[in-house]
1. Relative contact order of chain B, please, whole-number percent, based on alpha carbon pairs below 8 angstrom and at least 6 residues apart.
2. Above 14 Å lies some portion of the pair distances; for the stretch B:128-193, what is it as a whole percent of all C-alpha pairs?
3. Using 0.36 nm times the number of residues separating residue B:287 and residue B:228, minus their current alpha carbon distance, what extension gain do you get?
4. Give me the one-decimal Kirkwood hydrodynamic radius in Å for the protein assembly as shown, with the sum taken over alpha-carbon pairs.
5. Taking a virtual spin label 7 Å from the Cα of residue B:302 along the C-beta vector, which residues in the stretch A:102-119 bring their backbone nitrogen under 18 Å of it?
6. If you take the beta carbon distance between residue B:271 and residue A:191 as r and set R0 to 56 Å, what does 1/(1 + (r/R0)^6) give as a FRET efficiency, to the nearest 0.05?
7. Where Rh denotes the Kirkwood radius from the mean inverse Cα pair distance, what is Rg over Rh for chain B?
8. Quote the FRET efficiency, to the nearest 0.05, computed for residue A:247 versus residue A:272 with a Förster distance R0 of 35 Å and r equal to the Cβ-Cβ distance.
């Protein structure tokens, strides 16, 4: 199977530059604004869109992404609406890969089979489910691959050479390398370690490796793009959403623009 | 209930950490190597007689085990039915069953060479037990506790601080036990090299449900022996309160294959099971889902978002339950029932007056079921209730509800 993700990374390889992968939470701060944000992302320089499926208890995420999830849930976001957002996005954009990222429970409750069918129909290309390690591949990973979706796995600094083969066995699309030990958006990645680890992981897989967790600025992105196939930016964008809200926590005229501006800035770093 | 009955109910979990469909290892990749390391270390410790010997020594001389099996004569008379015994785990050092598990895990952490201990706590009993054991062994200890619970359980917060622990408020989400667990997991992800996560109940990713159960099973093993000494036979029924379910699993597990023993787990029905967010009865009022590393019964909405439970008891308002309980429920080996805030409160008061024992609000829920059940049973029916904690920590809550100013 070839997904939009595979096509995209092949094209970028030809261009000789790294991908910019952007993460925002679906429905943050509300459905309409969220759609406006993602619709503008490709033009701002995003190569792949990661869309967070909100969950009340995101155990691998820092305060920024947890708060974004709670904002989305408060505004009435559900799994159904997240899939509808992708459907709406696909009306105008047929090329940009869309990856849904989140936790297993909302998918499990939605029903794995129905979720995969609806996600595929909506135009989703891949899934990242934080709390499904390879030990639980039968749950969602294998069915997702069968349904024609990429299952993108997180590799971490604790993924040593012994463990790497298991982690990569059923991974497809790309590998998301978590550059720090910890939760999203807190510590800055140690660039020397990132370089060494990406090099080490490359000996285990031919898949593109994108680096994320803690990437905030164009300079960091630029440095990481030298060694990796892609850079993931999440908490920084989610923080830009939060900073643009009014006192009641509602979207303002500046919200979507604030995110797009930051993406543009970081995109310059990635392709420099 | 249609499953074929297994030859033994005591063989779980399997190598994937599953009890039927429940349990498992639903954690982020960062934690996976640690969980595998812990599983191996626990296996090795279990097979090493010197580990059990060391643990037994601390349980006897530091914790104060065995705890008595006490015939509650006046309560029995009052209810006029089954002969009621209390397994008195409230007499343990630190006032609850939590220390049984903590001693085991801290000794294991030392064996693994871990230098820093983290824990989550709801009512504060597990936090106090962990802080206690850490003080005893000179280990730095960080306890995560929901901001709301810190406000509700001030005496326990002060106890932990006296014992040298750092108490960090969980300010995210609903700011109670489930959020404290999230924060502890986040800490662990960030400090994988030197930190041991001491989980307080029979939940979380494999091997925790198995390991905590094993450490708590001392309750049931003692009960079996003591009952044989007192009555010359096994009890007819067991009753225990369930939040995550560690005291209940500790009492139940050694009896699972004794089919004549009826087993009752009592969940917190709060304001009533019919209320949408007013109870904490995961089995009675929830359904299977995935949270905190395992599949089990959870309180959640139709979209799979976790709902905060309510109970008068801060130790029971967790929105999940240990996976082995979920399995025992599905196959029908144990009965899961519930008691409301009101029923627990009146059981609490009755126990004070008839037995001179101030129970914690957690076992007061178990007692509430004993009050319902015992009068319907013959006088030669032997019933054991786990008095898993003492009520000193709850007097403020109870006074408040009774309208008494302290």
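1. Values: 891 pairs, mean separation 83.3, N = 406.
Dividing the mean separation by the residue count of chain B yields 21 percent.
2. Values: 1218 of 2145 pairs.
Distances greater than 14 Å cover 57 percent of the Cα pairs.
3. Values: separation 59, 0.36 × 59 = 21.24 nm, distance 3.80 nm.
Computed gain between residue B:287 and residue B:228 is 17.4 nm.
4. Details: mean 1/r = 0.0385 Å⁻¹.
Evaluated over the protein assembly as shown, this radius sits at 26.0 Å.
5. A:106-112, A:114-115
6. Working: r = 54 Å, r/R0 = 0.96.
Here the calculated transfer efficiency is 0.55.
7. On the way: Rg = 19.5 Å, Rh = 20.8 Å.
Taking Rh as the inverse mean 1/r over Cα pairs, Rg/Rh reads 0.94.
8. On the way: r = 38 Å, r/R0 = 1.07.
Working from the Cβ atoms, E equals 0.40.
Bear in mind that the values in this text are calculations on the coordinates, not laboratory data. Quantities reported herein were computed from a predicted structural model and do not represent experimental measurements. Cβ sites come from the backbone with ideal geometry, for glycine too, and all protein chains shown count toward neighbours.
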